[in-house]
Amino acid sequence: MVALRYVLMLICIVLPIVLAFIHGISSPRKKYWVVTTFILVTSVIILTILPPISGNFSDARRLSKTQDFKDVDVSFIVSEIIFDDNNVLITAIPSEIFHFSDKKKLEKNTYSVIAENSESIKSLKLNDKVVSTLNYIDSTNQYLLKKIVSINPILEYPFIEALQHRIKNLNLHVPLHWTSFIAYLVSLIFSIRYLKHDKLEDDIVASSAIKIGLIFTILGTITGMVWAKFNWGAYWNWDPRQTTILVIMLIYLAYFGLRNSLDSFEKKAKLSAVYSIISFITVPVLMFIIPRLLPSLHPGGKDDGTTGPVISTQADMVDSSLAFIFYLSIAAFLFIYFWYLSIDIREKTIENKIREQNV
């Protein structure tokens with residue numbers, strides 16, 4: 001099943017890139033591209049916002065012993081409903097949790113869930129899968145149902161104590177940075193092509209790719225800062241991953257400083273191409289290698305013990321629902337990127353033609 005996870009991830013990354021090159025980097029997007037982009041973006045937005053966050057009974061029991069305990073949304077299956085005076089007793093079975101890397105066996109234990117108000121559970125039926133807010137009562141070893149969050153949800157996202165509902169930001173923050181990496185790779189390819197064939201079109205594609213890649217990097221950094229504020233207490237912590245992303249932004253901002261400092265088109269294009277090639281060599285090192293070699297607050301650091309929540313093979317890192325929507329999000333951002341890239345290339349081409357006519 002690990003192989004299936006990585007196959008899905010590769011499809012969502014490679015397919016938009018292959019289609020973009022087959023279709024033509026600078027060509028106007030065809031109807032299928034527009035429709036696909038709209039469907040992907042809409043699906044990702046809906047499937048990121050709507051699914052509930054659900055933990056298990058162990059989470060509720062463990063967190064009940066902490067000072068900053070908050071109620072936990074727990075997923076379970078209704079096995080039995082017993083009405084007793086004003087209270088309702090629900091016999092609950094933990095929901096089965098499926099991961100790409102491991103299929104966890106369904107617990108045989110049953111748990112007692114008390115609902116003080118029968119009105120709150122009148123819509124429940126036997127064998128319903130329920131996500132509800134629970135509070136563990138240590139004295140009776142029971143769970144108090146405070147609110148029903150969702151009944152028979154199509155998708156659920158895993159409960160992670162440090163992140164809770166902020167885990168949904170994964171579908172925005174990480175794909176933005178991964179798309180920026182693809183953007184810089186596209187610039188590398190067309191910079192090499194320019195040095196080889198000396199065509200104006202290749203220089204335009206290379207510069208546009210970096211421009212849009214920078215936009216995605218900045219957006220990824222902003223979403224990461226919001227995450228950092230809630231998790232680490234400040235928007236900016238000079239964490240190794242934050243620092244290396246900042247260095248990448250400065251490197252590519254200098255690319256435009258170089259272009260604007262030169263008047264000769266030929267010299268501008270050649271030096272920019274060389275600079276783009278050298279710059280890209282630093283990107284995988286700064287984005288993927290250095291942050292994993294140093295202690296970091298960010299998942300995937302030296303002391304974290306994993307490669308990060310997205311590509312780690314550990315079963316408890318990212319469950320199947322979150323991983324699948326995350327991969328769709330990558331595809332959505334790549335479709336947006338290549339669409340925007342084609343527009344920017346055509347605009348620059350028109351500007352160059354007008355400039356040549358005026359000269």
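The values are calculated or read from the model by the stated rules, or taken from the named source; none is laboratory data. Quantities reported herein were computed from a predicted structural model and do not represent experimental measurements. Neighbour counts run over all protein chains shown; Cβ positions are idealised from the backbone, glycine included.
Quick notes on this one:
- Matching entry among Pro299, Pro295, Pro284 (being surrounded by fewer than 16 Cβ atoms within 10 Å (Cβ to Cβ), within 25 Å of the chain's Cα centre (by Cα) and in a loop (DSSP other than H, G, I, E, B)): Pro295
Condition check ((1) exposed (fewer than 15 other Cβ atoms within 10 Å of the Cβ); (2) assigned by TED's automatic domain parsing to the domain that holds Phe190; (3) of a type in the set (A, V, I, L, M, F, W, C)) across all residues:
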| residue | (1), (2), (3) |
| --- | --- |
| Tyr6 | yes, yes, no |
| Met9 | no, yes, yes |
| Ile17 | no, yes, yes |
| Gly24 | yes, yes, no |
| Arg29 | no, yes, no |
| Tyr32 | yes, yes, no |
| Leu40 | no, yes, yes |
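- Lone qualifier among Thr244, Thr313 - being hydroxyl-bearing (Ser, Thr, Tyr), assigned to a loop (DSSP other than H, G, I, E, B) and either within 24 Å of the chain's Cα centre (by Cα) or at pLDDT 90 or above (or both): Thr313
- Residue list for the stretch 219-241, restricted to those being without any contact (Cβ under 8 Å) to a residue 40 or more places away in the chain, surrounded by 14 or more Cβ atoms within 10 Å (Cβ to Cβ) and over 19 Å from Lys168 (Cα atoms): Trp236
- Residue match in the stretch 173-196 (condition: in the same structural domain as Val44 (by TED's automatic domain parsing), at pLDDT below 95, of a type outside the set (D, E, K, R) and closer than 18 Å to Val274 by Cα): no
- Restricting the stretch 42-51 to residues that are closer than 30 Å to Leu134 by Cβ and surrounded by fewer than 17 Cβ atoms within 10 Å (Cβ to Cβ) leaves a set whose member that is farthest from the chain's Cα centre (by Cα) is Leu50.
- Annotation note: Cβ proximity below 7 Å between a residue of the stretch 120-141 that is in contact (Cβ under 8 Å) with a residue 60 or more places away in the chain and closer than 24 Å to Lys65 by Cα and a residue that is of a type outside the set (Asp, Glu) and exposed (fewer than 14 other Cβ atoms within 10 Å of the Cβ) (sequence gap 6+ or interchain) occurs for Thr133/Lys147.
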